[in-house]
Structure formats: C-alpha cells, structure tokens
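A short worksheet on the structure shown next.
The values are calculated or read from the model by the stated rules, or taken from the named source; none is laboratory data. On a predicted model such as this, the values are computed, not experimentally measured, just so you know. Positions of Cβ are generated from backbone atoms using ideal geometry, with glycine treated the same way; all protein chains shown enter the neighbour counts.
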Amino acid sequence: MIVPDGKTRFLFFGGKGGVGKSTLSAATAVWLADRGERTLLVSTDLQRSQSDIFEVSIGYRLGDIPGVRHLTVMETEPAKLVQAHWHRLAGAVQDVFGPSELLELMSREVSPCMMEMASFYQLMELFNESAERYDAIIFDTAPGGRALIEIRLPFTMMQRYGEGDPLASLRIGTDSRLEEIVRQEERTRNTMSLITDPERTVFLYILWPESLPLAETERAVAELQEHHISVPALLVNEVLPLHEVQRADTPYFWSRYEMQQRYLRLVGERFADKMLAEVPLLEGEVTGLRRLRQLAADLYGPIREGDHGRAG
C-alpha cells in the first residue's frame, strides 16, 4: 500500500493536531528511503516539526538528511510560498483582466486564504514536476480542517466550471500573458487526476483512541471519500501497551486502558473496510534517526535484504 510499484506513490498523513502525523510521516519516509526508494518528505504544517524530529535545520528548501541515503525533506515557509506561487498567479490575472483593488491588496498582504492557495500550488508543482525524480512523495499535512481545505481546493475550483473547459476562449488567443493562467488550470486538472487515483495516491489518517479524534476522523474520511480520495488505512497512535498497564497495576492506568480499548473497538466497527494499525505509546519522544528507525520497524517491519527499491 505504501511501497511504490512502478509509479511514484503519493502518501498523505492527516489527522487532528497533535496526534503524531509528523512523527509517523517521518518514520515512514526513513523506512522507504532505507529500502532504497527515492523519497521526498514535504511538511505543509506551519509548525516546522520535521526539523525538530530529525534534529537538523531543514527550512524552505530541498535538503538531504545526514545518515539517510535517498531521503530529501522540505518544510513550508508561508511568506516565501505565497511569493513563489500565489503572487505570481495573481499578477498574471491582473495583467490579463486589468487592475483591481482586491488583487492590489493581495499582492501586498499574506492572508490565510492565500496560504491555502499557495500550499495547493506547491502541491501541484510536486505532483506535476517532481514525480519523475522520486519513487515516493510523502506529505506531512496541516492539522485537521486546513489540510482538507488544501486538498478540497481543486475540486471546488473545477466544480464551479462543470465538466467543460473554462478557459476554452482563452486558448484561442495568442496573448502570451494568458499562458500562466492556462498552465495553472491544466496542472490543476492533472493534479486532480493523480489525487483521485488509488494506485498512485493514498491518504493515511492518524487518530488517538478517544472520542474527539474519532469524530473528526469520521467526518474527514467521509469528505475525502466523497471526492474519491483513497483512505485505505488508519493508524491509531499512542495505544497503552497491556504489559505496561499490568506492570503498573493502578486504577489510573486500568481506567485509561479500558477507555482506549472501548474506542479501539469503535474504530474497528466504524472502519471495518479499512486496514487498522495500532502504534503503542512509547517510553520517550521519537526524535533522531535511531528512534525513527525503531518506530518504522515496529510499524512496517525490519528492512530485509531483497527489500531494496529502484534507487539501488
């Protein structure tokens, strides 16, 4: 499901804030890279957690991780992202359709809406221009609703135009100023096709065995599936290990354990059609390559000889 099979695999890790998306996406990226898969990990979470997890400064650039061949990581930097993507498109629109106060304001300010748009244009760039360079591209998404906004954006844009070609009249002209607008529209359609291809794109949702994460997961998975985005598996994080509860043997731990088991049963009932994986609550923080590789081995199994991918 997560291992590339002849074509670039796009993996999204989503979920409520704080449930472990960044850690699990990082462990998955290390595991795939250790197999020899050319792997790119992109964080669209503004907290820039990947630098903390890998214990290196990453930033808004493609950077290698010392000690992991075949792994490249990049974090989002809002101002640069808006400058690189949204401002460029807004400028093209203004060139073609004339000046407006709204576009003039947007050329100077960075709003939440512009960050969503810029994040989506970065996503399009990775889908359309970076796929040939990597076997797997992993997205550590923004918490909860914001990630859904980013992913839902192309569907919202295309629904406004129906199944036709909204830029048909522009394609007839020869004005070079139209090229950027037409190019972005074509890339949007191509990105939509990739996002909804279950052989290429997989969305893994992370949750805790508690009521609020479960409720949010149900809503999010329903919305993703409504847009034909594959959600084949859930990762239930920070599950208390039974042997540790037995060793502590206190009412506090037994109560917490029984609560988690109740919600684990609910997860199994409500998502019976999906693969479910339990990730135990670990003794300490998962930072640094050693801990990431330990977590990855617990999740996916140890790297064996013969597992290596196409990168060699």
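I'd like to know if the stretch 257-275 contains one or more residues that are aliphatic (A, V, I, L, M) and either in contact with a strand residue (DSSP E or B) (Cβ under 6 Å, 6 or more places away or on another chain) or surrounded by 19 or more Cβ atoms within 10 Å (Cβ to Cβ) (or both).
From the stretch 257-275, those aliphatic (A, V, I, L, M) are 259, 264, 266-267, 272, 275; that's our starting set.
From what is left, the residues that are either in contact with a strand residue (DSSP E or B) (Cβ under 6 Å, 6 or more places away or on another chain) or surrounded by 19 or more Cβ atoms within 10 Å (Cβ to Cβ) (or both) are 267, 275.
Checked the stretch 257-275: at least one residue is aliphatic (A, V, I, L, M) and either in contact with a strand residue (DSSP E or B) (Cβ under 6 Å, 6 or more places away or on another chain) or surrounded by 19 or more Cβ atoms within 10 Å (Cβ to Cβ) (or both).
Which residues, taken from the stretch 1-34, are part of a loop (DSSP other than H, G, I, E, B) and closer than 18 Å to G288 by Cα?
Initially, the stretch 1-34 is screened for residues part of a loop (DSSP other than H, G, I, E, B), giving 1-8, 16-20.
Selection gives G20 alone.
Determine whether the stretch 199-207 contains at least one residue that is assigned to a helix (DSSP H, G or I) and more than 29 Å from G284 (Cα to Cα).
Our first condition is that a residue be assigned to a helix (DSSP H, G or I); within the stretch 199-207, this holds for none.
No - not one qualifying residue is present in the stretch 199-207.
Tally up the residues in the stretch 15-62 that are buried (at least 21 other Cβ atoms within 10 Å of the Cβ), charged (D, E, K, R) and on the phi > 0 side of the Ramachandran plot, please.
Within the stretch 15-62, residues that are buried (at least 21 other Cβ atoms within 10 Å of the Cβ), charged (D, E, K, R) and on the phi > 0 side of the Ramachandran plot number 0.
Only one of (1) of a type outside the set (D, E, K, R); (2) farther than 14 Å from V30 by Cα; (3) exposed (fewer than 14 other Cβ atoms within 10 Å of the Cβ) is not met by G301, so which one is it?
(2)
If you take the residues of the stretch 210-256 that are free of Cβ contacts under 8 Å to residues at least 24 places away in the same chain and aliphatic (A, V, I, L, M), which of them is surrounded by the most Cβ atoms within 10 Å (Cβ to Cβ)?
V245
Do you know which residues across the stretch 256-279 are under 16 Å from S25 (Cα atoms) and over 22 Å from the mean Cα position of the chain (by Cα)?
none
In the stretch 277-312, what residues are in contact with a helix residue (DSSP H, G or I) (Cβ under 6 Å, 6 or more places away or on another chain), hydrophobic (A, V, I, L, M, F, W, C) and at pLDDT 90 or above?
V286, L292, L295, A296
May I ask you to list the residues in the stretch 220-254 that are among the acidic types (D, E) and more than 21 Å from L299 (Cβ to Cβ)? Quick ask: steps written out before the conclusion?
Taking the stretch 220-254 first, the residues among the acidic types (D, E) are 223, 226, 238, 244, 249.
Result: E223, E226, D249.
Suppose the filter is within 30 Å of E55 (Cα to Cα), under 21 Å from the mean Cα position of the chain (by Cα) and part of a loop (DSSP other than H, G, I, E, B); does V231 pass it? Give the steps one after another, and end with the answer.
Details: within 30 Å of E55 (Cα to Cα): no; under 21 Å from the mean Cα position of the chain (by Cα): yes; part of a loop (DSSP other than H, G, I, E, B): yes.
No, not satisfied.
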